[in-house]
Structures are given as C-alpha cells and as structure tokens.
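Enquirer: I have a structure here, written as structure tokens, and I will follow up with some questions on it.
The values are calculated or read from the model by the stated rules, or taken from the named source; none is laboratory data. What you see is a predicted model; the values in this text were computed from it and never measured. For neighbour counting, all protein chains shown are included, and Cβ atoms are generated from backbone atoms with ideal geometry for every residue, glycine included. Just the protein is used for accessible areas: all its heavy atoms, side chains included, with ligands, DNA and RNA removed. Shrake-Rupley method; radii C 1.70, N 1.55, O 1.52, S 1.80 Å.
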Amino acid sequence: MKRTDLYLWIATYMLLSVPINLYRHTYNLEIADMPLLYGSTALIKVVLSLYFLEKVQMNTARKTMVLATSIALRLVFGAPWLALCIGGAIFQSSQIKKL
Amino acid sequence: MKNYPYLPSALEKELPFVLFLIRFVLTYSALIGMYQLYLKFTLYTHTLDWVTYSVSEFSFYLAQALGVTDCTFSCFIEGCFVGREGKLIHVVEGCNGLRLAIAYGAFIAGYSGFNFKTLLQIIAGLCIIQGFNIFRIGVLIVLRDLGGDAYFYFIKYLFGALIYASIFTLWSLQPTFNKWLRK
C-alpha cells in the first residue's frame, strides 16, 4: 500500500467524523438522538474502507473477514475498527510485496 | 509457505491472513480484557484508573511548561480536569490513548507472531504512543487557553488524524523493523 493512500484514507475518515461531531457538540446530542445521520456516516466509512481494501488487491473473502472482524471488535469492545482495516491492508500489501 | 494437506485448498491459500487476524484478535481481546478487569477493580475501589491519571498529570506538567499560568489539575472517579479555571479540559478514560496503544500492540503480534522481540516492540510502541498522547493533551490545554471551542474541536481531530498517521506509518515500517531484528 502506498503511504499516500494510507494518509488519504485516514484524512478522509477523519474529515467525515468532524462535521457530525461538531453537530453533536453544538446541539449537545447523543448518538441515540441521531441514528439516521450516524448510520449513514458509518455506511460511508465502510464503503470508503472497501475502496481502499480493493486498492491493495484484497479478494472478497479477505475483505469480508477484515470488515466482519473489525466491526465485531467495535461492537464488543468499542475498538478503533479503522485500525484493523488498515492493519489488514498493510499485511496484504506486505504479502504482495507492494510496500 | 508450509503445506497443510488436511486443509481445503481455499482455506490453505488464506491461512497466513487468517492467522494474522486470529493473532490480532486474540492479543487485542486479551489486553483489552485485562484492562476492562482493571477498570472494574477501580470502579469497585472508587478510584480513577492509573493510566488516565498519569496521562492527565504529565499533560498538566507539559501545559505548565508551555506557559499556561494558573493551570489547575484535579481528578475524580469520572476523570481529570486540567487547565485554567473556566477553560478546563476533561480527560476521561477514553482519552488516555490506551485502546489505540493496545490496537498497535495487537497488530505487531498479528504481523510478527508471539516472541520476545515482538514484546519489546510492543512495549516501545506503547511508550511512544503514550508520549504522543501526553503531548497532544498538553498542547490542547494550551490551545483551549488561547482559542475558542470550534478551534479546539478542529485541532482535536487534526491531532487524532496525526496520531493515527504516526501509528500506521510505524505499522507500514514493520517489515523493515523485522529485517533489522533478524540481523
């Protein structure tokens, strides 16, 4: 995985988080108060991750495993799920010797 | 790659990746499980967890060193308040950077397997991440002292992106680290 792709992935992810969190803090809302907005942002983030996982030539089985595991970790432990997605992409890249 | 005649060929092809995921999940679950147990213990003893306390304390010293006069520091069960009166920053358990540090360690174990060198790398990584987190909170206290709320939130996410970028850069250098350690 090229480092520029890596940084672009993080920057886009963070830029998606900023408006929704500013909105939350401005109106003093909880996530439960805006399920539709939160859900659609989460969906965009998943699509974004799929795009970058595709860029490192990950097959469908691996993409499914990475996303399912990271979302499960997020739901069970509140883990930073992007970390496992990027970790998976880096591991895949090292396997195909693209780093 | 090793040959596993008893495994279906599709699974054998995916085996290195599956093992990476298993090691990652096991390490993450074990470390976060221990931390959750420790948090339960602090709840039982009505004390604040040591990591949040230490991160807040060092951030307080850093903010003082960076020129925040009349900087105050007080801790309760729900977290610490650091900064000047009226412009305090609330440092809670989620801000202490430990969950991200654990994710860092889980990747190293997932990538390189479980051995002494991995353990050393994980410990070094945890120290670097906590150092960066203290720097981040210390600078946020200074910025809160100087600027308004909107500015503060933008800087908060900018630092979030920077801490992610530094961790993932370290991860992407992992094959190079492994080569050095093999020498």
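Enquirer: Could you please let me know if residue B:80 is modelled with pLDDT of 85 or more and open to solvent by less than 50 Å² (accessible area, probe 1.4 Å)?
Expert: In short, yes.
Let's see how each residue does on (1) within 24 Å of residue A:58 (Cβ to Cβ); (2) open to solvent by less than 80 Å² (accessible area, probe 1.4 Å); (3) at pLDDT 95 or above; (4) within 14 Å of chain A (Cβ to nearest Cβ):
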site: B:6; (1), (2), (3), (4): no, no, no, no
site: B:12; (1), (2), (3), (4): yes, yes, no, yes
site: B:18; (1), (2), (3), (4): yes, yes, no, yes
site: B:28; (1), (2), (3), (4): yes, yes, no, yes
site: B:39; (1), (2), (3), (4): no, yes, no, yes
site: B:43; (1), (2), (3), (4): no, no, no, no
site: B:55; (1), (2), (3), (4): no, yes, no, no
site: B:60; (1), (2), (3), (4): no, yes, no, no
site: B:64; (1), (2), (3), (4): no, no, no, no
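Enquirer: Can I ask one more? Scan the range A:48-99 for residues that are surrounded by fewer than 14 Cβ atoms within 10 Å (Cβ to Cβ), within 30 Å of residue B:93 (Cα to Cα) and more than 11 Å from chain B (Cβ to nearest Cβ) and report the count.
Expert: 1
Okay, residues lined up against (1) open to solvent by less than 90 Å² (accessible area, probe 1.4 Å); (2) of a type in the set (Phe, Trp, Tyr); (3) more than 9 Å from chain B (Cβ to nearest Cβ); (4) touching a Lys or Arg at 6+ places or on another chain (Cβ under 9 Å):
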| position | (1), (2), (3), (4) |
| --- | --- |
| A:2 | no, no, yes, yes |
| A:6 | yes, no, no, no |
| A:13 | yes, yes, no, yes |
| A:20 | yes, no, yes, no |
| A:23 | no, yes, yes, no |
| A:27 | no, yes, yes, no |
| A:34 | yes, no, yes, yes |
| A:43 | no, no, yes, no |
